[in-house]
Amino acid sequence: MDQERRGLRFAFTASAEIAPEGCPTVFVPARVTELSLRGCFLETSASFEVRRAVVVKIYESNEYFEAGAAVLYVKPSGMGLEFHEIQPHFRAVLQKWILAVLDKQLETQQIRG
């Protein structure tokens, strides 16, 4: 899958849960390792088929993000998700997290440079 379609991804570590859409009580624990405005990569023992509609919840720093998503690809270590149906409040949380990662990267570059 090309980088343009996936968008810019950033290293990001947070606790998460994933469940099949329509089964909100069947959440499985996961860990986010990459995050973008369009989706994320989850490390998890759960396995869903490609294009499966899911609900994902991500928890970080006393905030959480929730969205409907679709499974884009599956690897032995987890799966890539593409977000859809993001409520405005959760979009703001996601943007805040991405900006924090960008700020941290800029600080690191300035220290090195």
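The values are calculated or read from the model by the stated rules, or taken from the named source; none is laboratory data. In this text, all values refer to a predicted model and were calculated from it rather than measured experimentally. Because the Cβ atoms are built from the backbone with ideal geometry, glycine has one as well, and the counts that use them run over all protein chains shown. To get the accessible areas, we keep the full protein, side chains included, count just its heavy atoms, and leave off ligands, DNA and RNA. Shrake-Rupley method; radii C 1.70, N 1.55, O 1.52, S 1.80 Å.
Roughly how tilted is helix 88-112, in degrees to the nearest 10 and between 0 and 90, from the longest Cα axis of the chain?
It works out to around 40 degrees.
In terms of solvent-accessible area of protein heavy atoms at a 1.4 angstrom probe, what is the ranking of LYS104, LYS75, LYS57, highest value first? Intermediate values should be presented prior to the final figure.
Values: LYS104 140, LYS75 110, LYS57 45 Å².
I get LYS104, LYS75, LYS57, largest accessible area first.
Determine ³J(HN,Hα), in whole Hz, for all residues of segment 14-31 in sequence, where each value follows from phi through the Karplus function 6.51 cos²θ - 1.76 cosθ + 1.60 and θ = phi - 60°; x replaces Gly and Pro.
7, 6, 8, 9, 9, 8, x, 4, x, 10, x, 9, 10, 6, 10, x, 8, 9
Just the accessible area for PHE27, please: 1.4 Å probe, Å², rounded to the nearest 10?
50 Å²
What residues qualify as long-range amide H neighbours of GLY78, i.e. H under 5 Å apart, gap of 5 or more or another chain, H built at 1.01 Å from N?
HN-HN under 5 Å from GLY78: THR44.
Which far-off residues, 5 or more places away or on another chain, put their amide H under 5 Å from the one on GLU34, with H placed in the peptide plane?
Result for GLU34 returns PHE12, PHE41.
Running a GNM on the chain with Cα contacts under 10 Å, which residue among ILE58, ILE18, ILE86 ends up with the highest mean-square fluctuation?
ILE86
List the lysines whose alpha-carbon lies under 17 Å from that of LYS96, not counting same-chain residues fewer than 8 positions away?
Result set, ordered by chain and number: LYS57, LYS104.
Considering the chain as a Gaussian network with a 10 Å cut-off on Cα pairs, which listed residue, LEU102, LEU94, LEU37, attains the greatest mean-square fluctuation?
Comparing LEU102, LEU94, LEU37 in a Gaussian network model of the chain, the most mobile one is LEU102.
With charges set only on the Cβ (+1 for Lys and Arg, -1 for Asp and Glu), what does the dipole of segment 13-113 come to about its Cα centre, in debye to the nearest 20? Don't skip to the end; give the middle numbers.
Details: 10 positive and 12 negative charges, 39 e Å.
Once rounded to the nearest 20, the dipole reads 180 debye.
I'd like the Karplus ³J(HN,Hα) series for segment 79-87: coefficients 6.51, -1.76, 1.60, θ = phi - 60°, whole numbers in Hz, and an x wherever there's a Gly or Pro.
8, x, 10, 10, 6, 8, 6, 8, 5
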